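Report on one structure; see the data block that follows.
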Amino acid sequence: MKTKLLALLAAVFFSFGTANAQEVDCNTTLSLYSQSAKIKDYKSALPHYNTLAENCPKINLALYQYGERMFKQLIKDAEGDAAKKKEYAEALIKNYELRLENFPDKTQKGEAYADIAQVKFDNGLGSLEEQYNAFDKAWELDRESFNSPKALYSYFNLIVKLQEAGKKDLQEVFTKYDELIQKIERQEIIRAEQAEPLMAKQEAGEELNSNEKRILSNSDIYLTNFMKIKGSINSMLGEKADCDNLIPLYKKDFEAKKTDTEWLRKAARRLSAKDCDDPLFFQLVEALHEAEPSAKTAYYLGQLADKDGNNAKALEYYNQSAELEEEPLAKAKVYYAIANKYKAKGSLSQARSFYRKALKFQPSLGIAYLKIAQMYAASANNCGETSFEKRAVYWLAAEYADRAGKVDPSLKSNASQTAASYRGTAPQKQDIFTSDYKTGDNISFGCWVGESVRVPAL
């Protein structure tokens, strides 16, 4: 009996010791893994990763964060070795899957599944359909966190390839295009909104802290990438979305769909975007306006009035459209169109008012800042009491041109050149020295501009 009791106690002690050892082993292994991963010694890190993934999958999120970096680098290093590259690509996918499984609350599904799909796409894993379905899974599960510019591009690239292979129809391509462009433009707004107050702070001469500098830098990177991706997606769509393809596509279905407001809305929007001057466009707009009068139909009627040369009627419809519109990007588009109409008429104050309204709803609309800059520069001779003050308007115009390039990277080069030209026309260092103003003084403009500018340090 005593022997049995001792044996039982020994078994319990041994079990406890084993469990404890296992726990210590996991922690020790994690420490060794982290040390190697931090210095990018992935040859040493990989065995520790495998041990942890198999035995301690929930030990720490860092396991998968370092794992992602490790396998991405190993894939790069395996260039030229197809078998090894495939092995590491599959391991990277498994890393994302394990993170989803073990840290679901700290993992965004849309982002993670989009990453999985991207690995498949980049490394040619599976068929085109399988790759597309992987992106589609991410999109449908969690569109909110599906924000990678590269993934958005790859997703659209695949549906275009599938359409060319006869596995998707043209309407599916258009639908996906609308979804992805809307996503990109919303992300542009978010990034521009993050950057706008920080740019204003910089312009006021205030120092940004390290976190603010990081946010501003990241916003610039994302805006640049989204601009490139949007251009690439538009280029990919290419001739597929021209009037020669669109008109037959919509004409074929018009009679059957002329009471389908959703179909009419999409068809009218696409024909409008491509300026398809065809009787079908008029039919679509009339049918849509009759079935469901809205901001969009009012905008299209404004376009039709524009084509007829009826500016007053066009402005009436555009204003009506802006008032009815609830979608920020669409509202910005209408306000921008109205601003251009007023600018063309020489109503500069009204034009500026509508450019600002457009920017309120789309802060990334850099062209609106550039238009205001142009109007200020053109009005220089009408502002200020002295020649110095008149020329000082160009400093203000340059600031607006700078802002255009900051919120819209596609305008950066043009905006920079424009700003430099304005500053070249503005007062120079010697002019400031001989004037009644000194660096840091504010100059107010009493003309329609109604703003002030600080004399810069030259």
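For LEU92, state whether it is in contact with a Ser or Thr (Cβ under 6 Å, 6 or more places away or on another chain), modelled with pLDDT of 95 or more, within 26 Å of GLU140 (Cα to Cα) and hydrophobic (A, V, I, L, M, F, W, C). In short, no.
Of all residues in segment 199-230, exactly one satisfies the criterion of being among the aliphatic types (A, V, I, L, M), at pLDDT below 90 and not in a helix (DSSP H, G or I), namely ALA204. Would you confirm whether any residue within segment 39-62 is aromatic (Phe, Trp, Tyr) and under 21 Å from ALA134 (Cα atoms)? Scanning segment 39-62, I find no residue that is aromatic (Phe, Trp, Tyr) and under 21 Å from ALA134 (Cα atoms), so the answer is no.
When THR259 is tested against (1) in contact with a Leu (Cβ under 7 Å, 6 or more places away or on another chain); (2) part of a loop (DSSP other than H, G, I, E, B), exactly one condition is not met: (1). Scanning segment 57-66 for any residue that is closer than 30 Å to ARG186 by Cα, touching a Leu at 6+ places or on another chain (Cβ under 9 Å) and of a type in the set (Gly, Ala, Ser) turns up nothing. Considering the conditions (1) charged (D, E, K, R); (2) touching a residue at least 60 places away in the same chain (Cβ under 8 Å); (3) assigned to a loop (DSSP other than H, G, I, E, B), LYS168 is excluded by exactly one of them, (2). Within segment 378-398, the residues that satisfy the criterion of being assigned to a helix (DSSP H, G or I), surrounded by fewer than 21 Cβ atoms within 10 Å (Cβ to Cβ) and not aromatic (Phe, Trp, Tyr) are ALA378, ASN381, ASN382, SER387, GLU389, LYS390, ARG391.
One residue stands out in segment 148-182 among those that are charged (D, E, K, R) and surrounded by fewer than 18 Cβ atoms within 10 Å (Cβ to Cβ): the one that is farthest from LYS137 (Cα to Cα), namely GLU164. Annotation note: Cβ proximity below 8 Å between a residue of segment 57-72 that is in contact (Cβ under 8 Å) with a residue 40 or more places away in the chain and a residue that is of a type in the set (Lys, Arg) (sequence gap 6+ or interchain) occurs for LEU61/ARG99; LEU61/LYS106. Of all the residues in segment 275-285, those that are surrounded by 17 or more Cβ atoms within 10 Å (Cβ to Cβ) and under 20 Å from TYR318 (Cβ atoms) number 4.
Would you mind stating whether ALA401 is within 34 Å of the chain's Cα centre (by Cα) and surrounded by 14 or more Cβ atoms within 10 Å (Cβ to Cβ)?
It is true that ALA401 is within 34 Å of the chain's Cα centre (by Cα) and surrounded by 14 or more Cβ atoms within 10 Å (Cβ to Cβ).
Screening the candidates VAL119, VAL173 for the property of being at pLDDT below 95, in the same structural domain as GLU87 (by TED's automatic domain parsing) and part of a helix (DSSP H, G or I) yields one hit, VAL173.
Here the condition is being of a type in the set (Ser, Thr, Tyr), farther than 30 Å from VAL455 by Cα and surrounded by fewer than 16 Cβ atoms within 10 Å (Cβ to Cβ); of SER232, SER272, it holds for SER232 alone.
The values are calculated or read from the model by the stated rules, or taken from the named source; none is laboratory data. Everything numeric here is computed off the predicted structure, so don't read it as measured data. Because the Cβ atoms are built from the backbone with ideal geometry, glycine has one as well, and the counts that use them run over all protein chains shown.
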